1. If you take the residues in region 5-28 that are surrounded by 11 or more Cβ atoms within 10 Å (Cβ to Cβ) and of a type in the set (Val, Ile, Thr), which one is farthest from Asp78 (Cα to Cα)?
2. Would you confirm whether or not region 29-48 contains a residue that is surrounded by 11 or more Cβ atoms within 10 Å (Cβ to Cβ) and touching a residue at least 60 places away in the same chain (Cβ under 8 Å)?
3. Go through region 58-74 residue by residue and tally those that are modelled with pLDDT under 85 and open to solvent by 60 Å² or more (accessible area, probe 1.4 Å).
4. Output the residues belonging to region 1-24 that are among the aliphatic types (A, V, I, L, M) and part of a helix (DSSP H, G or I).
5. Across region 45-79, what is the number of residues that are out of contact with any helix residue (DSSP H, G or I) (no Cβ under 9 Å at 6 or more places or on another chain), among the β-branched types (Val, Ile, Thr) and under 30 Å from Ser35 (Cα atoms)?
Amino acid sequence: MKQTKLKYTEQIKDILVAMAMDDTLPLDMTTLDSSVFDKVVEPLISTLNTLREDAEMALNGQWDRTDGGFKAQIILIDSVL
């Protein structure tokens, strides 16, 4: 968990540093458009949505219950972590 947190905080830091170097970082940080962090958060949101859909399928009895489904989830989670 600590390593994953570091990965994402470093990505956010890199975005802010790049904006500062390009002189596009606002002096008033409250005006910073949150969309600048989309490339960091979109993979997380996408993964969580997929895992939620899988959980709903399992609860509705639609889950195939094969090892392949669980392996796919692990690969998906690992790709984000």
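The values are calculated or read from the model by the stated rules, or taken from the named source; none is laboratory data. In this text the structure is predicted, and so the values were computed from the model without any measurement. Neighbour counts run over all protein chains shown; Cβ positions are idealised from the backbone, glycine included. Heads up: the accessible areas ignore ligands, DNA and RNA and are worked out on the full protein's heavy atoms, side chains in. Shrake-Rupley method; radii C 1.70, N 1.55, O 1.52, S 1.80 Å.
1. Val17
2. No.
3. So the count comes out to 9.
4. Of all residues in region 1-24, those among the aliphatic types (A, V, I, L, M) come to 1, 6, 12, 15-21.
Within region 1-24, Leu6, Ile12, Ile15, Leu16, Val17, Ala18, Met19, Ala20, Met21 meet the criteria.
5. 3
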